[in-house]
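Trainee: Once you've had a glance at the structure underneath, I'll fire off some questions.
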Amino acid sequence: MKMAGAVRTGGKGSVRRKKKAVHKATTTDDKRLQSTLKRIGVNTIPAIEEVNIFKDETVIQFLNPKVQASIAANTWVVSGSPQTKNLQDILPGILNQLGPDNLDNLRKLAEQFQKQSAGADEGTTSAAAQDDDDDVPELVAGETFEAAAEEGQKS
């Protein structure tokens, strides 16, 4: 009988509830986040068309995001639908967005790509040299396999 009291909506003579109420936690999380951001003092930055976040060789790209910032708290909030892309795919489109500060970083990236491509080329040449060891050796003029085998048996 203790369980029956837990699911009743009214007094002793009322009908039992048929379904348990399901609470949505996502809206409460969003409200809690928004209240924390408001406490920090973030301001919405309008008219931002694109945000790119660089991670190693990948780029997380947001198109038409909602951007909020609090300079005092060193906090930036970027909300929207992200797309993960390779740096090589996106690089031609963002060259005009880079300022003079980022040109040094771009040079460093270009040097890294050159080193990686040079390392990859060296790896393929050493792999090709190893593959040559597995190939059948070329015959020297005037010698046959039988003659080489006979010499091997004599010594």
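Nothing in this text is a laboratory measurement; each read-out follows from the coordinates by a stated rule. All figures in this text were calculated on a predicted structure; none of them were measured in a lab. When we count neighbours, we look across all protein chains shown, and the Cβ atoms used for this are built from the backbone with ideal geometry, even at glycine.
Trainee: In the stretch 37-68, whose amide N lies under 16 Å from the spot 7 Å out along Cα-to-Cβ of residue 106? List them in ranges.
Mentor: In the stretch 37-68, the label zone of residue 106 (backbone N under 16 Å from the point 7 Å along Cα→Cβ) covers 52, 54.
Trainee: For residue 115, which lysines qualify as cross-link partners when the Cα separation must be under 22 Å and same-chain residues fewer than eight apart are set aside?
Mentor: Within reach: 55, 85.
Trainee: What FRET efficiency comes out for the pair residue 45/residue 116, r = Cβ-Cβ distance, R0 = 22 Å, nearest 0.05?
Mentor: E(calc), rounded to 0.05, equals 0.05.
Trainee: For the pair residue 76 and residue 23, what calculated FRET efficiency results from E = 1/(1 + (r/R0)^6), where r is the Cβ-Cβ distance and R0 = 22 Å, to the nearest 0.05?
Mentor: Approximately 0.10, to the nearest 0.05.
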